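Right, one structure below, let's go through it.
The values are calculated or read from the model by the stated rules, or taken from the named source; none is laboratory data. All figures in this text were calculated on a predicted structure; none of them were measured in a lab. Every residue, glycine among them, receives a Cβ derived from its backbone with ideal geometry; neighbour counts consider all protein chains shown. Surface accessibility is based on the protein's heavy atoms, side chains included, excluding ligands, DNA and RNA. Shrake-Rupley method; radii C 1.70, N 1.55, O 1.52, S 1.80 Å.
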Amino acid sequence: MQKLLIPIQGDFIAPRFDLATEILIVRFKNGATTSEPKIIILERPSDEALCQMAVEENITDVVCGGIEDVHYRFLVWKKVTVLDAVIGGWQKAVEKIVSGSLRQGDILIKSKDQRLAL
Amino acid sequence: MACSVLLTSDNEATDKAMNVPLNLDIPVLLEGIPHPAMILDDSFRIIVMNRLMEAMTGYSTDLVAGIHGELVVRSNTGNNKGQLYNKVMQTGEGLSVTGDIINSYRRKIAVQYSIAILDQHGGSHCGLLVVVEDLSAREVAHKSGMRNSASLELVGYSPKMQKVFDMIPLLAQTDASVMITGETGTGKDKIAEIIHQKSSRARFPFVKINCGALPAGLLESELFGHVKGAFTGASRNKPGLFSLADKGTLFLTEIGDMPLPLQVKLLSVLDDREFIPVGGEHKVSVDVRMIAATHRPLREQVRNSTFREDLFYRLNVLHIHLPPLRERDGDIRYLLDYFLQKFTKALSKTIVGFAPNAMEVLLPYGYPGNIRELSNIIEYAVNICNRRKINTDHLPPYLLEQQSPADAPAPEPKSIDVRVDNPPPDSDTTRQDNQESWTDIERRHIVETLKEHGGNRTKVAEGLGWGRMKLWRKMKKYGLQD
């Protein structure tokens, strides 16, 4: 069982890990999600709090946009797989990571999708 | 800051969408801006970025064209959901804010984020020009209050150093390659940085790479970049240091250690000012000034065929040699005072100077490690010293061992000839001692003080100028507890 955390902004992966105020958490196993995505609204953005949450929630995977090296290293040290610099909608990201095809730096977006997001 | 620009691009679809006449070439226009810059359409989607913006964000235009600007330039400037873009688009008034961005290399960069409106012929707003100035260099200079930005810690009054100082403005004026030679620790890196900062390229990046620190394959990828799929693990395009240093200066230190196959590629870049990234198909043009440095005798390496002669002459257009400390008459005294002041301030100590016996050791010493060694000696002494003046007890023991009559080197080795003819008999030993780590030195110092005071920790703590708690922590750290 893997547990995924994505900082989000509307329909999209939040551009920055440290500025995200919405967090999506979803469990998946053997190429399929095993729970409905849960969205948590944070009181305020905080990269430290997000790292802490990832550890406390036993997160195994993080997909995010821009993340500072210090937080990336911390999460990797805590055995969390971090796929950063991903640009695109979070639903597509969830689909791709569950199927094992998401890579670091992937751009999952076509220009026509843009108006949905920002 | 509102400005009106008529736009065109190579992209017909974009031109049509923006309904603008073909009288300007956007990419060329953007390359003329001396900062990372991009143009967004009326939906804030990226039309084009200049090369500096590509280097700063880590994305190429091809990859992110059509994507919302804020998803690529991830700032904290209050541009959440493109709010700033909207504001500029609605009011037509440009704005400029400070903040930071996080790029795809996970680096946080302080920036000045400026947005200006772009109007088309009829006067309606058709897009935005976004300029993101990198402020990180300015912030570093601001924070390091102890540094004299003009001299960048270069201290010297000897005639040989004055010659070096006189040459710097001349070297900064031209774009020719510079070769800096000198023994280890003489300040080659600092000179390179100063030349860059005094040159017209100062506003652009100064990128340094140590050619001896990386294996050949990795060095090639670091220098020239690679394309996605070029080799196992190359999961995305990576611009090399040549691209990152575009319009700036690339400093290749330890050039004498560069593998021969790479020397060929480097020579070709110097000649043609363009290269092909590892695994790539298209040439990338760059405008980079080269500064190289080495402590190795390059002419000898050329004779031994370990360094290419053509590359040597290509790099050695302008040459500057940094004299070793032993040849800089009178500078040792200045440097001792300079570093004493620097470390005293940094460590908040109240040391006022050197005792005569310490000067008797420090002034005649040969300093094979040059300024770096002198700086380390003073840092050690300032750390150890708990009195008003540094005396011989506070100096690294290897300095005093060298002063003993049995193995003392020739006094005041002022000229190269003297040193060549009479090398110090224990120079290897000295080098080994120099490599002793700070922890070893500190541990030994604690042990010696413990012996001196018969293990009385109160007295030992007093002797070291520490509290008992600090002594306890240090003893625990070094395994000196019972």
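Numbers at a glance
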{"item": "Per DSSP, loop GluC sites (Glu not before Pro) in the range B:267-331 with at most 14 further Cβ within 10 Å", "result": "B:E281"}
{"item": "Solvent accessible area, Å² - A:S35, 1.4 Å probe, full protein context", "result": "40"}
{"item": "Relative contact order for chain A, counting Cα pairs under 8 Å that sit 6 or more residues apart, in percent", "result": "27"}
{"item": "Normalised per residue, the volume of the convex hull around the Cα set of the range A:16-70 (Å³)", "result": "90"}
{"item": "Cα-centred dipole magnitude for the range B:12-139, charges only on beta-carbon of K, R (+1) and D, E (-1), debye, nearest 20", "result": "480"}
{"item": "Sites B:D440 and B:L400, calculated FRET efficiency, Cβ-Cβ separation with R0 25 Å, nearest 0.05", "result": "0.90"}
{"item": "Solvent accessible area, Å² - B:L218, 1.4 Å probe, full protein context", "result": "90"}
{"item": "Per residue convex hull volume, Cα atoms of the protein assembly as shown, in Å³", "result": "205"}
{"item": "The range A:76-110 versus the range B:327-377: alpha-carbon centroid distance in Å", "result": "54"}
{"item": "Förster radius 60 Å - calculated FRET efficiency between B:R296 and A:V55, Cβ distance, rounded to 0.05", "result": "0.80"}
{"item": "Computed [θ] at 222 nm, deg cm²/dmol, the protein assembly as shown (DSSP H ≥ 4; -39,500 (n - 2.57); rounded to nearest 500)", "result": "-11000 deg cm²/dmol"}
{"item": "The protein assembly as shown, dipole about Cα centre (Lys/Arg Cβ +1, Asp/Glu Cβ -1), debye to the nearest 20", "result": "1420"}
{"item": "Net lengthening on full extension, B:K345/B:A110 (0.36 nm per residue, minus Cα-Cα)", "result": "81.8 nm"}
{"item": "Beta bridge orientation in the range B:147-323: antiparallel %, DSSP, nearest 5", "result": "15"}
{"item": "Protein accessible surface hidden between A and B, which excludes ligands and nucleic acids, total in Å², probe 1.4 Å", "result": "2200"}
{"item": "Whole-number accessible area per residue in Å² for the protein assembly as shown, which is evaluated in the context of all protein chains at 1.4 Å", "result": "49"}
{"item": "Cα gyration tensor category, rounded, prolate or oblate, for chain A with a/c compared to 1.5", "result": "rounded"}
{"item": "Interface residues, the range B:71-89 - accessible area loss of 40 Å² or more versus chain alone, probe 1.4 Å", "result": "B:L71, B:R74, B:K81"}
{"item": "Neighbourhood net charge (13 Å Cβ-Cβ; Lys/Arg +1, Asp/Glu -1) for B:L128", "result": "-3"}
{"item": "Beta bridges by DSSP in chain A, antiparallel share as percent, to the nearest 5", "result": "65"}
{"item": "Compactness relative to 2.2 N^0.38 Å, alpha carbon Rg of the range B:12-139", "result": "1.00"}
{"item": "Of every Cα-Cα pair in the range B:147-323, the percent that sits beyond 22 Å", "result": "45"}
{"item": "For chain A, size of Cβ-based charge dipole, Lys and Arg +1, Asp and Glu -1, in debye", "result": "440"}
{"item": "Sites B:N376 and B:N316 - FRET efficiency at Förster radius 41 Å, r taken between beta-carbons, to 0.05", "result": "0.85"}
